[in-house]
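These notes are about the structure you will find just below.
Derivation of every value follows stated rules applied to the coordinates shown; laboratory data play no part. Just so it is clear, the model here is predicted, and its values are computed rather than measured. Cβ sites come from the backbone with ideal geometry, for glycine too, and all protein chains shown count toward neighbours.
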Amino acid sequence: MDVGQLKQEIVAYSKEIGIDKIGFASADVFGELKERLKRQQTLGYQSGFEKGSIEERTEPKRLLPEAQSILSIAIAYPSRMKNAPKGTREERRGIFCRASWGTDYHVILRERLEKLSAFIEEKVPGASTKVMVDTGELSDRAVAERAGIGFSGKNCAIITPEFGSYVYLGELITNIPFIPDSPVEDSCGDCRKCLDACPTGALVQGGQLNAQRCLSFLTQTKGFLADEFRVELGNRVYGCDTCQQVCPKNKQMDFHFHPEAEPQPEAAKPKLKPMLRISNREFKETFGHMAGSWRGKKPIQRNAIIALAHFKDETAVDELVAVMNNDPRPVIRGTAAWTLGKIGTDEAITAIKEAMEKETDDQVLFEMEKGLDFQKNRY
């Protein structure tokens, strides 16, 4: 088997099946990453969404015992929405992050990686492969960095020379000993725009993220959102792009190579008020194709309610009152009460006081008190 020739054929085939960039890395232990993950764990900076132990996330041979190489792939996605709908005073809109605009990227990447796997196994009978996308144990970013896809920026994203950081990443482990590609040189330099722009200070320092403070993570949680984060949420209903938007490496980066990565504008920038009463079936029909739907509708609804507070949307008062009075979920009832207090109309304040008389959940009552406190603090 001529491994060099096979590598060339794989690169050529990857372009045929819609892979924008491919790189080859060794399957050696990710020693530096292992130490970094241990520090993150000690500091309590992990999100809790990570899969596998630190060993599984840094030792490819634990996932494929005969591993020799890892292939990393990148697929560019759009940073600008064509025909983006505009919110109005009567119909405010939320926003999903760019990585969740189109079809779930796990589907997009897995389809291409499985084609790549089949191609390799056809060329090399008996070859072993293991495909992974985001939900796998390995760090997509660490693999991509080692494979020369891009460098790891201060915003903790892989920044490619060709597409900036607007790329989906996935990998394939194999037992074929490919010659590794060279890493890309880090070119953040003295720039710290992402650190300065992060709304919650989640970027502790260049390359270190406290996921517990990251809005992208927080939009996916299901409980009550801490007040300090509600203030910074704006109209985000899923994810956060701030550290990518301010990055100079992303200037003019906007690629529309893949139809399935294109947003459905009404889903990517949804009207907020209809989100309050959406059924499970309607949620799946409207948002089920997007990566941002993976936690279900509860976090998205909670974030939509907070976004209405951001806009101080008086047109939403009646619907928020209905949610506060009737929704069976304490997080949704309580967040609606807090938002009504933020909006602060006489009708909203009266509704909170009336609802308090029959509310039995302590956390919801606490949110109601906070809602009324906004009114007290106005005078």
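Points worth noting:
- Where only C-alpha atoms are counted, convex hull volume of the range 312-379 per residue in Å³: 68
- Bridgeable aspartates and glutamates around residue 82 (alpha carbons under 18 Å apart, same-chain partners fewer than 8 residues away excluded): 241, 254, 260, 262, 266.
- Dimensions of the range 45-165 along the principal axes, based on C-alpha atoms and rounded to the nearest Å, stand at 61, 37, 26, largest first.
- Along the range 262-272 the Karplus relation, 6.51 cos²θ - 1.76 cosθ + 1.60 evaluated at θ = phi - 60°, assigns HN-Hα couplings of 6, x, 8, x, 5, 8, 6, 10, x, 5, 6 Hz to successive residues, with x for each Gly and Pro.
- Mean sequence separation of contacting Cα pairs (under 8 Å, at least six apart), scaled by the length of the range 136-176, corresponds to a relative contact order of 31 percent.
- Among 278, 179, 70, the order by Cβ neighbours within 10 angstrom, fewest to most, reads 179, 278, 70.
- Spin-label pair residue 294/residue 114, simplified geometry with 7 Å Cα→Cβ offset, distance in nm: 1.7
- Extent along the principal axes, Cα only, for the chain: 77, 42, 38 Å, with the longest axis given first.
- Karplus (6.51, -1.76, 1.60) ³J(HN,Hα), θ = phi - 60°, over the range 358-363, in Hz, Gly and Pro reported as x: 10, 6, 10, 7, 4, 5
- Under Karplus coefficients 6.51, -1.76 and 1.60, residue-wise ³J(HN,Hα) of the range 242-258 in Hz, glycine/proline x: 3, 5, 8, 5, 8, 5, x, 5, 9, 4, 6, 7, 7, 10, 10, 7, 10
- The range 108-160: Rg to Rh, with Rh as the Kirkwood radius over Cα pairs: 1.06
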